[in-house]
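Enquirer: Handing you a structure now.
The values are calculated or read from the model by the stated rules, or taken from the named source; none is laboratory data. Model, not experiment: these values are computed from the prediction. Ideal geometry is used to build each Cβ from the backbone, glycine not excepted, and the neighbour counts take in all protein chains shown. These accessible areas exclude ligands, DNA and RNA; they are computed on the full protein's heavy atoms, side chains included. Shrake-Rupley method; radii C 1.70, N 1.55, O 1.52, S 1.80 Å.
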Amino acid sequence: MPVSFSTSMRFKFPILAIALEAVIIILYGLFITYDDGANSRLVHNNTDKLEHFYKIYPSFQDVHVMIFVGFGFLMTFLKKYGFSSVGFNLLIAAFGLQWGTLMQGWLHHLKDGKIKVDIFSLINADFSTATALISFGAVLGKTSPIQLLIMTLLEITIFACNEHLVTSVLQAKDVGASMTIHAFGAYFGLAVSRVLYRPGLQGTLFLWMFWPSFNSAIVENPDGQYRAIINTYFSLAACVLTAYALSSLVDKKGKLDMVHIQNATLAGGVAAGTSADMMIYPYGSLLIGFTAGIISTVGFKYLTPIFASKLKIHDTCGVHNLHGMPGILGGIAGIIASAMASTNVYGVGLGLTFPARRTGILQAGYQAAGLGASLALALIGGTITGFILCISLWGQPPDQNCFDDDIYWEVPDGETENENLLSSEHGRQNTNAEA
Amino acid sequence: MPVSFSTSMRFKFPILAIALEAVIIILYGLFITYDDGANSRLVHNNTDKLEHFYKIYPSFQDVHVMIFVGFGFLMTFLKKYGFSSVGFNLLIAAFGLQWGTLMQGWLHHLKDGKIKVDIFSLINADFSTATALISFGAVLGKTSPIQLLIMTLLEITIFACNEHLVTSVLQAKDVGASMTIHAFGAYFGLAVSRVLYRPGLQGTLFLWMFWPSFNSAIVENPDGQYRAIINTYFSLAACVLTAYALSSLVDKKGKLDMVHIQNATLAGGVAAGTSADMMIYPYGSLLIGFTAGIISTVGFKYLTPIFASKLKIHDTCGVHNLHGMPGILGGIAGIIASAMASTNVYGVGLGLTFPARRTGILQAGYQAAGLGASLALALIGGTITGFILCISLWGQPPDQNCFDDDIYWEVPDGETENENLLSSEHGRQNTNAEA
Amino acid sequence: MPVSFSTSMRFKFPILAIALEAVIIILYGLFITYDDGANSRLVHNNTDKLEHFYKIYPSFQDVHVMIFVGFGFLMTFLKKYGFSSVGFNLLIAAFGLQWGTLMQGWLHHLKDGKIKVDIFSLINADFSTATALISFGAVLGKTSPIQLLIMTLLEITIFACNEHLVTSVLQAKDVGASMTIHAFGAYFGLAVSRVLYRPGLQGTLFLWMFWPSFNSAIVENPDGQYRAIINTYFSLAACVLTAYALSSLVDKKGKLDMVHIQNATLAGGVAAGTSADMMIYPYGSLLIGFTAGIISTVGFKYLTPIFASKLKIHDTCGVHNLHGMPGILGGIAGIIASAMASTNVYGVGLGLTFPARRTGILQAGYQAAGLGASLALALIGGTITGFILCISLWGQPPDQNCFDDDIYWEVPDGETENENLLSSEHGRQNTNAEA
């Protein structure tokens, strides 16, 4: 093994992890406190915050399931790499939510030198990890846990800056984060690297089911939250039909391809993100899902091979097809829906859905700027991060050790036993495999 | 392969799926709009609708998990048919909820030519797909995706008519839908066809856990919703004990049978459906669950073989034991509980639980009529649908290709790899299987 | 097979199960009724109870998932013992919640000879089963279903007494039940017996995600509930980082051990239990999680082998490392946080979080007494239960039949088919295993 590949995590990884945690504890001691609604001393004048907390907590738990089970099991397909897929997903998410709370707090919520955490902080912290997890899908199998911690640190930092730029400075709308999470995470990850992964259907289903909560969780006006749920629900449903139809259509024998089903059926959720709380009506949501299912499936079939052969970008994982293109579609849908917004349609609630109170056309322009910023920052940030991760110190595995749990995990002799640790449901399965 | 079995889905399936989706988009454009609570222009006089939405949304997500994960993984046992089981479950549910929204809207909620979708529409749309998914269990492995789309279309149409007849015309009560979903879906499916399937325990658990949400989600008065949760919780618990007891009792060595455990433990949820919001008290719920666990397990052991040998109905899947008989039991429990209802027990709330405001005995008569109607329409509708599905154009597989994913799915060379796509958790498992 | 091992469950098990259920139905008929909020006749003066019910129901469902999926799949690793792990988990939980409702009702809520069940009864009933399920982890594979029913009956009885002693008599605080459930269940189980089990990561994730609901579900004041969620969220996140770090640190090649990851990442939830609703601030929560991740991982690596070799306690399952030591850590954190409590920090809400209204030091003393009582009752009760379970009549398996489903389950010839019943997701997997 060449000197440049010092993959041993001995001391390096635990010292980094403990140091990061220690720094975070100190920063939390300095900056983080409870929101007034959760502060015994201050709650009595803030009981309305409690009402809100009870309404949002179920959505928070749905988002939590998406982050930890949905994303976790979406990337466990690779043979001999199941431990790393789920295990590193948990590591990235647990570290990312702590760092995301700080970054988003500093940028959005610093007041008298303190960040007050509430239920929205928790949801936004979960959200910020989603970017890192999408990018993880693009570097899976070729990165050490040290590299992943560093990537998470850098990506969430850049994500928080971009999100601040898009939603606060530009005041572009992106409630379901088509642009700031999905497109951003996809292009950031593609810029860092790219690699094969294939999702599991169980992960797909948990994402599919809870996507209405994801797209609605941070909408502030209740009727907007209600619309975000309805719109996402229908967009996802339509997307399933076109994903199935296109999967059959592009196959020369008319058969379905499970890889399409597991990815493209989710594209409707991604694409509905930006305009989820707008008055696009159920048929508009169906149209978005309809289109997303088509471009995602067609992307898998035709675009990915062209990328690989012509552009030398080996995006066989489909991050581009599931998060990238549908994220851009979501951004475009948001531009169109913003341009069409008026008091005619929204009544006096127009200012609640579009707090910047611009004309439709002007808001559409800012939406376009938000989309452009997200793509630009993703590609630039991802490229820079890619270079930083190249430093050999971080323990990147050499090519022949890629996609193998054994390099980072203690795999006991009775290998079959250990495999069951992941899934746990098939106590008896391997008995036969061994026989 | 005989000419009559033209199983290729090439063009036929994608054209049908896209055509259906296109028609639905047009119909949504014509008929569907947001409920006032989700309409930015109208929300300001309807904020009470938002309160209700927040209370019900968690239950909607529980029902969603039941439909997509519960039913999905309940039917994935068949070897070489896992792709189709989960994949077609998603297809049926995604199409069914769009069609169900229209059918139920036309029958129940058409006002000034518009259907306003709210959180109850979404729940009812999910509910309507449950009927099709139960019937799917009875035709699994022997039907093409085209046949499944047609069956879903027809069954949800008939279901919506029957549900309108039972709950609106007859004003029979069936909040947890023992009669209108479970018994209906089972006998509809049995009338269409019947075939082997065996459920997975994970699917069972997701159904078991969230059944209180299912039985309570559409109860209108809050105390009734509360009771529906408590009653269903206890009925399910008692059912577990008798299912285990009977499973051991009917085995000559006293051993347990996993097929019984996976099915009969759910019968308590089915049987509690009709009377879930009535004042049956926890001991009454325990009694219903107690009885359901017994008849379901006994049905599996003794009735299914008799059906097969004497009646030539090969219901080895147990739809009859899990949904059919317990559904009828639920209908009967509803008749008894209705007959015993009085202001003595319900106080001034009697009219909330029984809006028809009939005497107990009269209401019991209408309950019986509702049960009879559900069974009759299921058997007649299922038989007619069965004949329609026989048209060879729909691509039904010939006997030798039944229960094989390969006929409708692209299965790559590295077959073992592909299998993992479904479950995703066992990256390393098959390594050994191949060795 | 020696006479003393009469493992056949024929008649013995079904008669016991049906008898228990019959007795419970009679007791429910005598003692249990709906809470006023769920009682049609009484609800009209109690609509505030309905508001509370809607706020808590989502947390109840989260706890439900932890009990039935989390615990269930945490213990299914053992080869040839998957049926028993998940199947008996369901049996224990379903029986335990019925018995727990009665025991806790008699001790806490008996009024005019009646126990009124509400959403908190349901949650507490689920909680009481958790103790039995933790202990189940310690006797898994060596006990018959009869023994498990008896153990559940005895343990929940003793648990309810201890919980009454600690929270009502001593008025020690333990909202997330570090002491009364986790430490109690672990030491009770260790006193009954000890045995190998290894958890599955899926179970871990469901527990990890929903732990904030577990630790907050029964907190009465809303701001305390809010804090319990925030504190648990951060404690779990910090625990992940130190568990990963220590797992790598204690390995001589710096690799990670999946057994540590699957257990120690949860220790932060256990340890945050007692002080979850106290004003310990997010950095305090991080510190608790930080410490829990360390002691749990170190326990697995060093303490468990010492226990086995020196003390002859073969706790290879790690109940002591996941529930025992972190439970004690949680108790100690509660002592410290109580000692530091003052109106300075809590304002007028001090009495809501500490209803006993003692000085901080005095409350700390009672907290210590609560911890001591939990440990003492667990060890004494567990030892007595262990002796009771030794009676040969209960059908304990002989050593050579331990850890084998075949002794209690009907395992068909096509063994591979049957295995899939558990997991259901891999229809095609075993095809290759057999080839």
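Enquirer: Computed over the Cα atoms, what is the radius of gyration of region B:149-262 divided by 2.2 N^0.38 Å, N being its residue count? List each step's numbers first, then the result.
Expert: On the way: Rg = 17.0 Å, N = 114, 2.2 N^0.38 = 13.3 Å.
Cα-based Rg divided by the globular estimate yields 1.28.
Enquirer: For residue A:301, give me every one of the lysines with a C-alpha distance below 27 angstrom, ignoring sequence neighbours fewer than eight places off in its own chain.
Expert: Within the straight-line limit of under 27 Å, residue A:301 reaches these lysines: A:79, A:80, A:142, A:252, A:253, A:255, A:310, A:312, B:12, B:80.
Enquirer: Note the per residue figure in Å³ for the convex hull of the C-alpha positions in region A:336-379. Spell out each step's value before the answer.
Expert: Numbers: hull volume 2.8 nm³, N = 44.
Expressed per residue, the convex hull around the Cα atoms of region A:336-379 is 64 Å³.
Enquirer: Something else about it: Counting only other chains, what is the mean number of Cβ atoms within 10 angstrom of the Cβ of each residue in peptide C:207-216? Mind dumping the intermediate values first?
Expert: On the way: counts 0, 6, 7, 3, 0, 5, 4, 0, 0, 1.
Averaged over the peptide's residues, the number is 3.
Enquirer: Heads up, I need the accessible area for residue C:161: 1.4 angstrom probe, whole protein in place, Å², nearest 10.
Expert: Estimated to the nearest 10 Å², residue C:161 gives 60 Å².
Enquirer: Nearest 100 Å², what total accessible surface is buried between chain C and chain B (probe 1.4 Å)? Mind dumping the intermediate values first?
Expert: Numbers: alone 19820 and 19780 Å², together 32110 Å².
Answer for the C-B pair: about 7500 Å² buried.
Enquirer: What whole number of Å gives the distance from the Cα centroid of region C:324-399 to the Cα centroid of region A:333-352?
Expert: 56
Enquirer: Now a separate question. Please give the per residue volume of the convex hull enclosing the alpha carbon atoms of region C:145-187, rounded to a whole number of Å³.
Expert: On the way: hull volume 2.7 nm³, N = 43.
Dividing the Cα hull volume of region C:145-187 by its residues yields 64 Å³.
Enquirer: In whole Å, what is the distance between the alpha-carbon centres of region C:100-168 and region A:263-282?
Expert: 46
Enquirer: Counting only protein heavy atoms, what percent of the accessible surface of region C:285-378 is carbon or sulfur at a 1.4 Å probe? List each step's numbers first, then the result.
Expert: On the way: 2840 of 3860 Å².
Answer for region C:285-378 is 74 percent, counting heavy atoms of protein chains only.
Enquirer: Moving on. Can you figure out the FRET efficiency of residue B:108 with residue A:107, using R₀ = 35 Å and their beta-carbon distance, to the nearest 0.05? Kindly include the intermediate steps, with their values, before the conclusion.
Expert: On the way: r = 48 Å, r/R0 = 1.37.
Once the sixth-power term is evaluated, E becomes 0.15.
Enquirer: Considering amide H positions built from the backbone, and no H for Pro or chain starts, which residues 5 or more places from residue B:256, or on another chain, come under 5 Å of its amide H?
Expert: The list, which skips near neighbours in sequence, is C:409, C:410.
Enquirer: If you don't mind, there's one more thing I want to ask. At 4 °C and 1.567 mPa s, what whole-number value in µm²/s does Stokes-Einstein give for the translational diffusion of region B:198-260, with Rh from the Kirkwood sum over Cα pairs? Present the calculation step by step, with values, prior to reporting the outcome.
Expert: Details: Rh = 13.3 Å.
It comes out at roughly 98 µm²/s.
Enquirer: Where a Cα-Cα gap under 26 Å defines reach, which lysines qualify for residue A:49, not counting those fewer than 8 residues away within the same chain?
Expert: Filter leaves A:111, A:114, A:116, A:173, B:49, B:55, C:49, C:55, C:173.
Enquirer: Where does each of C:41, A:227 land when they are ordered by accessible area, with a 1.4 Å probe and the largest first? Intermediate values should be presented prior to the final figure.
Expert: Numbers: C:41 115, A:227 0 Å².
Descending order: C:41, A:227.
Enquirer: Over the Cα atoms of region B:79-235, each weighted equally, I'd like the Debye log10 I(q)/I(0) at q = 0.14 Å⁻¹, rounded to two decimals.
Expert: Cα-only, vacuum Debye calculation for region B:79-235: -0.74.
Enquirer: Please report the base-10 log of the normalised intensity I(q)/I(0) for region A:230-372, using a Debye sum with one equal scatterer per alpha carbon and no solvent, at each q in 0.13 (1/Å).
Expert: Evaluating at q = 0.13 Å⁻¹ gives log10 I(q)/I(0) of -0.59.
Enquirer: Enter the accessible area per residue of region C:19-67 (Å², integer; probe 1.4 Å; all protein chains in place). Provide the component values of the computation, followed by the final result.
Expert: Numbers: 1620 Å² over 49 residues.
Computed with neighbouring chains in place, this is 33 Å² per residue.
Enquirer: Using a 1.4 Å probe on the protein heavy atoms only, what accessible surface does residue B:52 show? Give it in Å² to the nearest 10.
Expert: 60
Enquirer: Would you rank A:33, A:232, B:291 by solvent-accessible area, highest first, keeping every protein chain in place and using a 1.4 Å probe? Mind dumping the intermediate values first?
Expert: Working: A:33 20, A:232 0, B:291 55 Å².
I get B:291, A:33, A:232, largest accessible area first.
Enquirer: Between copies, how close do the residue C:11 label points come, placed 7 Å along Cα→Cβ, listed in nm from shortest?
Expert: Ordered by increasing distance: 7.0, 7.0 nm.
Enquirer: Return the FRET efficiency for the residue pair residue B:308, residue C:19: r is the Cβ-Cβ distance, R0 is 51 Å, and the value is rounded to the nearest 0.05.
Expert: On the way: r = 34 Å, r/R0 = 0.66.
It comes to 0.90.
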